[in-house]
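Visitor: Before anything else, here's the structure in question.
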Amino acid sequence: MISLGIESTAHTLGIGIVNEKEVLANESSVYSGEGIHPRKAADHHARVLKGVLESALRKSGVSLENLDLISFSQGPGIGPCLRIGATAARTLSLRLEIPIIGVNHCVSHIEIGKFTTEARDPVTLYVSGGNTQIIAYTAKRYRVFGETLDIGIGNMQDTFGRALGLKFPCGKEMDNLISKGKKYLHIPYTIKGMDFSFSGMLTEALKYLGKEKKEDIAFSLMETAFSTVVEASERALAHTGKRELLLTGGMAASPRLREMCEIMCKERGDRFYVPPFDLCRDNGAMIAYQGMIEYKSGKRMRIEDTAVKQKWRTDEVDVTWLS
Ligand code: FE2
């Protein structure tokens, strides 16, 4: 079966095409204003959608008539952005007279990770701009074992980067700064049970601006933030007895975070996986894949059920596709 997926939860408008064996196309366009302005980001998605769709069809060699299923990110995410993807998905489904499936964005990150690595039943550390969660499958649901109590770790990094005058997205420049930091400055280490909080760390880091070297501040801030999520991931591994860690989300690109995960897993004798970066960050292929496995497990959706769900939690999804 050939499934087309549309991703539009935040800054990325992505369209992917997959079948049971492989990703056939994974095209995207990223809104790059200062932060994410909901309406401007939604305008961007509407503007680029046709071009991204055409390019995905061209890359895959698939024509619209060959599609069997339309999938889209139903949530969680930014309302105006979500609605652009949902509207396009409904239009394609009705026009082509093929089924439609709305999927949970966070769960899609995990399943595409399992599809493209050897991870089978991992603890997932999902780190991005808007989301930071530690997730594992147990008793028919993807349960959240730990999560941010305020902002996402990527959001914290972007806000700090903006204060330094870096252009959004600033991941690469931040990685560079972090690698040059030598002096560790005190940053509050905030972990409550298995949950963590980043806004206090950010406030403290911003106070050092103009007083300490920016390399040292960036290093101290991110080293502290990464330590909290790696510590909570280790506890989730210990608690669930699972032996695999899957790192995904846009922040999975960070070399230092990967290194810390790798060290922790090595010390425990557990396996560590990171999908190819194009499938870690927000993308359409993961939505196409998620829709396909849900459809094949028997899930069906009427157009009336396709309203977006801005606050749809990972642990609210009925997992019909795993035994
Ligand atoms: Fe994401």
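The values are calculated or read from the model by the stated rules, or taken from the named source; none is laboratory data. Since the structure is predicted, the reported quantities are computational estimates derived from the model, not experimental observations. A quick note on method: Cβ atoms are made from the backbone with ideal geometry, for glycine too, and the neighbour counts reach across all protein chains shown. Surface accessibility is based on the protein's heavy atoms, side chains included, excluding ligands, DNA and RNA. Shrake-Rupley method; radii C 1.70, N 1.55, O 1.52, S 1.80 Å.
Visitor: Mind listing the phi-derived Karplus ³J(HN,Hα) values for the range 176-190, rounded to whole Hz, using 6.51, -1.76 and 1.60 with θ = phi - 60°, and x for any glycine or proline?
Guide: Per residue, the Karplus-derived 3J(HN,Hα) values read 5, 4, 4, 5, 9, x, 10, 9, 7, 9, 5, 10, x, 9, 10 Hz.
Visitor: Normalising by the residue count of the chain, find the relative contact order in percent from Cα pairs under 8 Å and 6+ residues apart.
Guide: Details: 703 pairs, mean separation 85.3, N = 323.
With pairs under 8 Å counted, the relative contact order is 26 percent.
Visitor: Lysines near LYS40 by alpha-carbon distance under 23 Å, same-chain residues fewer than 8 away left out - which ones?
Guide: Candidates past the 8-residue exclusion: LYS50, LYS167, LYS309, LYS311.
Visitor: State to the nearest 20 debye the size of the charge dipole of the chain about its Cα centre, where the only charges are +1 on K and R beta carbons and -1 on D and E beta carbons.
Guide: Working: 42 positive and 39 negative charges, 67 e Å.
Computed charge dipole of the chain: roughly 320 debye.
Visitor: In sequence order, what are the phi-derived ³J(HN,Hα) couplings for the range 231-240 according to the Karplus relation 6.51 cos²θ - 1.76 cosθ + 1.60 with θ = phi - 60°, rounded to whole Hz, with x for glycine and proline?
Guide: 4, 5, 5, 4, 5, 5, 4, 5, 5, 7
Visitor: Cβ neighbours within 10 Å, averaged per peptide: list 261-267, 125-131, 206-212, 11-17 in order, most packed at the top.
Guide: Working: 261-267: 15.7, 125-131: 25.4, 206-212: 12.6, 11-17: 27.7.
For the peptides 261-267, 125-131, 206-212, 11-17, the packing ranking is 11-17, 125-131, 261-267, 206-212.
Visitor: Something else: Averaged per residue, what accessible area in Å² does the chain show with a 1.4 Å probe, protein chains only?
Guide: Working: 13850 Å² over 323 residues.
Per-residue accessible area for the chain comes out at 43 Å².
Visitor: In sequence order, what are the phi-derived ³J(HN,Hα) couplings for the range 124-130 according to the Karplus relation 6.51 cos²θ - 1.76 cosθ + 1.60 with θ = phi - 60°, rounded to whole Hz, with x for glycine and proline?
Guide: Couplings: 9, 9, 9, 10, 8, x, x Hz.
Visitor: Search the structure for amide H atoms under 5 Å from the amide H of PHE272, placed 1.01 Å from N in the peptide plane, and list their residues when 5 or more places away or on another chain.
Guide: Long-range HN contacts for PHE272: LEU245.
Visitor: Quick query: amide H of TYR137 versus all other amide H atoms, modeled in the peptide plane; which residues come in under 5 Å with a sequence gap of 5 or more or a different chain?
Guide: ARG143
Visitor: Moving on. If you stretched the chain out fully between MET194 and LEU322, how much longer would it get, using 0.36 nm times the residue separation minus the C-alpha to C-alpha distance? Let's see the in-between values first.
Guide: Details: separation 128, 0.36 × 128 = 46.08 nm, distance 2.56 nm.
Length gained between MET194 and LEU322: 43.5 nm.
Visitor: Rank-order 248-260, 27-39 by packing density, defined as the average count of other C-beta atoms within 10 Å over each peptide's residues, highest first.
Guide: On the way: 248-260: 20.8, 27-39: 15.7.
Ranked from most to least packed, the peptides come out as 248-260, 27-39.
Visitor: When DSSP assigns beta bridges and you keep just the ones with both residues in the chain, what percent turn out antiparallel, to the nearest 5?
Guide: Details: 25 of 43 bridges.
The antiparallel proportion sits near 60 percent.
Visitor: Tell me the relative contact order for the range 1-54 as a rounded percent, counting alpha carbon contacts under 8 Å between residues six or more apart.
Guide: Numbers: 76 pairs, mean separation 16.4, N = 54.
Once normalised by length, the contact order is 30 percent.
Visitor: For the ranges 297-309, 217-229, what's the packing order if you count other beta-carbon atoms within 10 Å of each residue, average per peptide, and put the highest first? Could the numbers behind the result be given before it?
Guide: Values: 297-309: 13.1, 217-229: 23.0.
Final packing ranking: 217-229, 297-309.
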